[in-house]
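Below is one structure; the comments refer to it alone.
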């Protein structure tokens, strides 16, 4: 089994209130504290199958132009997801299965690009994305408990899709077993590993009670099993993979400072920093009865993202 990271955004940041403030409130944390951010998903090559864990943002997603108020900036695009996948040696036609951790477009944006793949996803998130077709496999998690996780579905030898609700109503994680280690592809259970060590929920969830239970289950599993924690939104994800770093919750690593941020000219479009939805003033928002020609600044104060329901404050200039 070979596991690789598909890297397509780099040199971003997230603030401590965003990453830590889900339960105690953002005002309890320091907005001047920033953690490194980026964007990557993962490939599991079993030798018989090429399995993706999530599929990046849509190719046409514009770059984000962050400002000082941005809660999270995923970074500057290196290349689109499919091109990044090709760079590490895989073509779309080779992919046999895609395991979706959750519905947000930074995890599902290129599902369309894999004609031969069966897509495994929870029923809740499949419904949210209106996914239909013979290649859509709605996870039923009928293979029983996986250690301390109550419900799982075996995907292949040593690879499991595990029910982990909270971040979204149908959230899942993936665990692959290799050479005595457990590789945990967790989607967005935490946005940065610092939150895992500090036992903090981000501000992004659809069910906070379930999100807390899931994080508790993740931490309990990590305490009892040698786990490589593979994050989506921090370089620590691929750094953990490259260094085969087993998480020790009692010994958090020193936080590496955020590097130089690249700023670009704004286009008038805005991107949801949580799910990747793009608000285009030329199109408006049909779902929320916003007519074409409405500038982002003129949207009602209570307007929210039609995909993940976050407010205007979670959007960044594109």
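The values are calculated or read from the model by the stated rules, or taken from the named source; none is laboratory data. Everything numeric in this text was worked out from a predicted model, so none of it was measured. Neighbour counts are summed over all protein chains in view; Cβ atoms, including those assigned to glycine, are modelled from backbone coordinates with ideal geometry.
Remarks
- From the options 65, 113, residue that is crowded, with 17+ Cβ neighbours inside 10 Å, in contact with a helix residue (DSSP H, G or I) (Cβ under 6 Å, 6 or more places away or on another chain) and in contact (Cβ under 8 Å) with a residue 40 or more places away in the chain: 113
- Of all residues in the stretch 187-209, none are crowded, with 23+ Cβ neighbours inside 10 Å, at pLDDT 95 or above, farther than 16 Å from residue 249 by Cβ and out of contact with any helix residue (DSSP H, G or I) (no Cβ under 9 Å at 6 or more places or on another chain).
- Criterion violated by residue 214 - all others in (1) buried (at least 19 other Cβ atoms within 10 Å of the Cβ); (2) assigned to a loop (DSSP other than H, G, I, E, B) satisfied: (2)
- Within the stretch 17-35, considering residues that are touching a residue at least 60 places away in the same chain (Cβ under 8 Å) and either assigned to a strand (DSSP E or B) or touching a strand residue (DSSP E or B) at 6+ places or on another chain (Cβ under 7 Å) (or both), the one surrounded by the fewest Cβ atoms within 10 Å (Cβ to Cβ): 34
- For the stretch 36-60, residues that are surrounded by fewer than 22 Cβ atoms within 10 Å (Cβ to Cβ) and out of contact with any helix residue (DSSP H, G or I) (no Cβ under 8 Å at 6 or more places or on another chain) total 6.
- Among the candidates 158, 166, 170, residue that is modelled with pLDDT of 95 or more, crowded, with 22+ Cβ neighbours inside 10 Å and at positive phi: 166
- Residues that are farther than 24 Å from residue 204 by Cα and in a loop (DSSP other than H, G, I, E, B) were ranked within the stretch 149-179; the one that is farthest from the chain's Cα centre (by Cα) is 179.
- Residue within the stretch 88-99 that is touching a residue at least 60 places away in the same chain (Cβ under 8 Å) and within 16 Å of residue 118 (Cα to Cα) present: yes
- Some residue of the stretch 290-308 being in contact (Cβ under 8 Å) with a residue 40 or more places away in the chain, outside any helix (DSSP H, G or I) and closer than 23 Å to residue 72 by Cα: yes
- Candidates 226, 252, filtered to the one that is farther than 22 Å from residue 7 by Cα and outside the structural domain of residue 77 (by TED's automatic domain parsing): 252
- All positions within the stretch 238-271 that are at pLDDT 95 or above and in contact with a helix residue (DSSP H, G or I) (Cβ under 8 Å, 6 or more places away or on another chain): 240, 245, 247, 249
- Test: residue 274 is closer than 27 Å to residue 55 by Cβ, touching a helix residue (DSSP H, G or I) at 6+ places or on another chain (Cβ under 7 Å) and either outside any strand (DSSP E or B) or in the same structural domain as residue 42 (by TED's automatic domain parsing) (or both): yes
- Boolean, residue 144 is farther than 25 Å from residue 241 by Cβ, buried (at least 21 other Cβ atoms within 10 Å of the Cβ) and in contact with a strand residue (DSSP E or B) (Cβ under 7 Å, 6 or more places away or on another chain): no
- Filtering the stretch 116-134 to residues that are surrounded by 16 or more Cβ atoms within 10 Å (Cβ to Cβ) and in contact with a strand residue (DSSP E or B) (Cβ under 9 Å, 6 or more places away or on another chain) leaves 117, 118, 119, 120, 121, 122, 125, 126, 129, 131.
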